[in-house]
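The structure appears right after this line, and notes come after that.
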Ligand SMILES: Cc1ncc(COP(=O)(O)O)c(C=O)c1O
């Protein structure tokens, strides 16, 4: 006779453990490519990382942290929160740091969404926000962005009594355009105060437009607004996984209850603190980006390509849907030249490529290769 253990083993032999039904429906996240066949050291412009790397002071702080790796990090994140507070003139008590802004968005979703709740996700916001909400069993309602950035009326028109959260990125991704201050204020004014608005500013540090609002002062009169920021972009610390949020203490409370105490590691905290304090370095990276965006847009437009409006550290190019100059052919042409872009489906079937602003020689290479591509019969 079979033992109980053997019976369980037989009964489960053909059945794999099943994830929760919401998770089962998710498609896995696809990272930007980092290899180009035949090129040992390709120009990687597929993930909006900073080609400049972090500030030398951040690298030093990271090395110095090596001596303290046997210690747990400061779970209260005091030094980094006060550095962010100093640089952005914010109250450190309203800041929480995390393992990338992506983790902070996950914590917000877990703290505020229950199965069946509705979350309005603006069309070109960060894809992980949507994935977290779906995994939580929430219903995702997408608000289109007909003017290339979050659209207040499209969002407001989708608010129902079941709406618990709104997620938008400004600048958005993969376009790089931003919601204007007046429009954002109008959105906040027309959203019930019980609905959390997650305002994702991953690319905010690059923006030089005067009518962009980083959202911090809005949190002060609208406690349902949460701003998320990252060290992955202008601070060049994508590999460290460190980001932060700014919000009202009442909204923060449930996030703190579920945050694991050591979610930001000791090396990341140290590097980010030194990086954020090196404002001269950040200014230099921002200026480089703004100069190149202007030149790139001008030169690509002269080639007959459409470049979407952008204030971030990347630009989205629309190619022809058919003929010799499709995005697919352009991607192959760039890859064959050792340049890695990010193909995206922003305005039609596979007709766009998103490219990160690189170092001088990298941007020159992109312009040269695309000029050659547009004059070739492919
Ligand atoms: C709009 C947007 N938000 C958030 C993130 C993620 O940032 P982090 O590296 O801090 O998780 C990205 C990453 O590309 C992004 O594009």
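Pull out the extension gain between residue 25 and residue 153, defined as 0.36 nm times the separation in residues minus the alpha carbon to alpha carbon distance; nm, one decimal.
Values: separation 128, 0.36 × 128 = 46.08 nm, distance 2.96 nm.
Extra length from residue 25 to residue 153 when fully extended: 43.1 nm.
Ratio of alpha-carbon Rg to the 2.2 N^0.38 Å globular estimate for segment 26-86, to two decimals, please.
Against the compact-globule rule of thumb, the ratio is 1.67.
Given the rule -39500 (n - 2.57) for each run of at least 4 DSSP H residues, summed and divided by the residues of the chain, what is its mean residue ellipticity at 222 nm, to the nearest 500 deg cm²/dmol?
-11500 deg cm²/dmol
Express in % the proportion of alpha carbon pairs of segment 155-296 at distances exceeding 18 Å. List each step's numbers first, then the result.
Details: 6227 of 10011 pairs.
The calculated P(r) of segment 155-296 puts 62 percent of pairs beyond 18 Å.
Quick one: if you stick a label point 7 Å off each Cα along the C-beta vector at residue 89 and residue 181, how many nm between them?
Label at residue 89, label at residue 181, 1.2 nm between them.
Using the 2.2 N^0.38 Å rule of thumb for compact globular proteins, work out how segment 221-284 stacks up: its C-alpha Rg over that value, please.
On the way: Rg = 13.5 Å, N = 64, 2.2 N^0.38 = 10.7 Å.
It is 1.27.
From the C-alpha coordinates alone, can you work out the Kirkwood hydrodynamic radius of the chain, in Å?
22.2
At 0.36 nm per residue, and after removing the present C-alpha to C-alpha distance, how many nm does the segment from residue 257 to residue 5 gain when stretched out fully?
Numbers: separation 252, 0.36 × 252 = 90.72 nm, distance 3.92 nm.
Taking residue 257 through residue 5 to full extension adds about 86.8 nm, to one decimal.
In whole angstrom, note down how far apart the Cα centers of segment 192-228 and segment 273-292 are.
What the calculation gives is 21 Å, centre to centre.
Looking at segment 56-278, I'd like the Rg to Rh ratio, where Rg is from alpha-carbon atoms and Rh is Kirkwood's inverse mean 1/r.
Ratio of gyration radius to Kirkwood radius: 0.97.
With a Förster radius of 51 Å, plug the Cβ-Cβ distance of residue 74 and residue 375 into 1/(1 + (r/R0)^6) and report the FRET value to the nearest 0.05.
Efficiency, rounded to the nearest 0.05: 0.35.
For segment 1-43, what is Rg from Cα atoms divided by 2.2 N^0.38 Å, rounded to two decimals?
So the Cα radius of gyration is 2.37 times the expected 2.2 N^0.38 Å.
Which residues among segment 130-174 fall inside the zone where the amide N is under 15 Å from a point 7 Å beyond the Cα of residue 209, along Cα→Cβ?
145-152, 169-174
Calculate the all-directions average of the projected area of segment 1-160's alpha-carbon convex hull, and give it in nm².
Details: hull surface 75.0 nm².
In nm², the orientation-averaged hull projection of segment 1-160 is 18.7.
Each reported figure results from applying straightforward, stated rules to the coordinates on display, with no laboratory input. Quick caveat, the model's predicted, so the values are computed rather than measured. Note: ideal-geometry Cβ built from the backbone for every residue, glycine included; neighbour counts use all protein chains shown.
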